[in-house]
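Just below is one structure, and these are the notes that go with it.
The values are calculated or read from the model by the stated rules, or taken from the named source; none is laboratory data. This one's a predicted model, so the numbers in the text were calculated from it and none came from an experiment. Methodologically, a virtual Cβ is constructed for each residue, glycine included, from the backbone with ideal geometry; neighbour enumeration extends over all protein chains shown. Quick note on the areas: whole protein, heavy atoms, side chains included, nothing else; ligands and nucleic acids left out. Shrake-Rupley method; radii C 1.70, N 1.55, O 1.52, S 1.80 Å.
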Amino acid sequence: MADDSNATEAPTRREYVKYGGAVIGGGLIAGCSSQSESGATPETTNTATATATETETATDTATEAAVDDGYSVSMAPMGTVEFESVPESVYTGLPYGADMAIASGAADAINSIYYPTYHGTLMNHFYDRLDGVSFEYEGLNDSWNLGKEGFYELDSDVHLSDPAYASTLENLDRDDVTEIRNQIGPWFNNYYSDRRRDPPEAWAEDYEYFSLWEIYERVAQVFRAGDRASALREVHSSIRSEIESGLPPESERPSVAFTFKGEDDTFWVYHLNADGFLNAHTRPLGAIDAFDDTEFDGPQTQVDYEAMLDADPDVILVLFTMASSHSIADIRTGLEDDAVASEISAVQNGEVYAQGARYQGPIMNLFQLEMTAKQLYPDQFGEWPGYVDGEPYPEIPEDDQLFDRQRVANIVNGDI
């Protein structure tokens, strides 16, 4: 990628070819990761198109404007985008865009996603717990690093990707991004809110930052699905309120290592409470970052087992183990069998847990909030039943669920 600030966030074309699309250490799936939303701290925008200061639990403030023979939706960095009709063919890049389209009732319109087998499997592991919600990813195009010709072949009505981000990809430049917008279909998403970092210089002046739910509200308007977004946000507000009111005192909260398992005796480590929507399922839980005092050269850093033992977290969360590419059972066994790693408190106490993905949309966020709350605070929110490799999100008794599955399924299916 051309954007050096994100060099370890997504695979280069060379890496993608080398690994055949597999998960790679330090790449997007190895290292998907900013105003804080920890606890009930407000997360605000800094711009003109979304002027209201709001927390993650606020009501829908996104607006949709009618225009002659169509409608328009506004969000940085695109500005105001006009649509003649609801898009019927949708390019999605990273999985948060696909999850937002699915939550807006547009699953059948998706024609592409990055690494379809991996992300499709992962997303369906959550959707399997929602009646009538699924993602038919088989046969979809891989959206990663398409050249301009690939966009013409897809001929999408809308591209759910940030044009500022797209302009940094190996096979596109800003002129290509402009041509695709003018000749094929508009771009619509916001990427650099992932960690609230600087966008490419050419886009910086008018760039704005949004929370996950603020972005989703605007994407939903593209599909004339604002009612779905408002209803889902109510569910999100409810789970956030329950979590915030149930958190134990800070002195009783666990220290947590937020990780991806690297090769050999290493972990990639991410800051647990970092700004941006990548931490929208961990920051509200207010746990102690076991590596809070560690300086990172980028969004993550690699540590060996000795460094992990020095930090000695109470809990280790291991990203990307809820899909077929990684086995949480094998990771646990490897840690338990290692002379150094076996001394880590989280390993000794059996608190090494599977996690999903950081580029999450609204549906994934609901499940991942519930999952992580149970993993970190079983006394307050009920025990996490554990994740079995290759299986869907585990069944949780209705009385122990932190959100109503049927309500969410109804909303996604249009029964508001």
request  = Could you please state how large a percent of the accessible area of segment 265-351 is carbon and sulfur, counting protein chains only and using a 1.4 Å probe?
outcome  = 38
message = At 20 °C and a viscosity of 1.002 mPa s, what translational diffusion coefficient does Stokes-Einstein give for segment 362-416, taking Rh as the Kirkwood radius over Cα pairs? Give it in µm²/s as a whole number.
response = 176
request  = Kindly rank 336-345, 230-239 from highest to lowest mean number of other beta carbons found within 10 Å of each residue.
outcome  = 230-239, 336-345
note = Taking the alpha-carbon centre of each part, the distance from segment 179-242 to segment 284-328 in Å is 27
message = Within 10 Å of each candidate Cβ there may be at most 12 other Cβ atoms; applying that plus a DSSP loop requirement, which GluC sites (Glu not before Pro) in segment 118-183 survive?
response = Glu136, Glu138
task = Could you please report the charge total around Pro116, scoring K, R as +1 and D, E as -1 over all other residues with beta-carbon less than 12 angstrom from its beta-carbon?
result = -3
query = With contacts defined as alpha carbon pairs under 8 Å and 6 or more residues apart, what's the relative contact order of segment 215-276 in percent?
reply = 17
note = The set of residues whose placed amide H lies less than 5 Å from the amide H of Ile110, leaving out same-chain residues fewer than 5 positions away, is Val90
note = Taking only the alpha carbons of segment 76-159, the radius of gyration and the largest Cα-Cα distance, Dmax, both in angstrom, are 13.1, 38
key: Order by protection proxy (mean Cβ within 10 Å, highest first), peptides 383-393, 113-123, 302-312   = 113-123, 302-312, 383-393
key: Radius 13 Å from Cβ of Glu149, net charge of other residues (Lys, Arg +1; Asp, Glu -1)   = -3
Percentage of interatomic Cα-Cα distances in segment 281-416 larger than 17 Å = 65
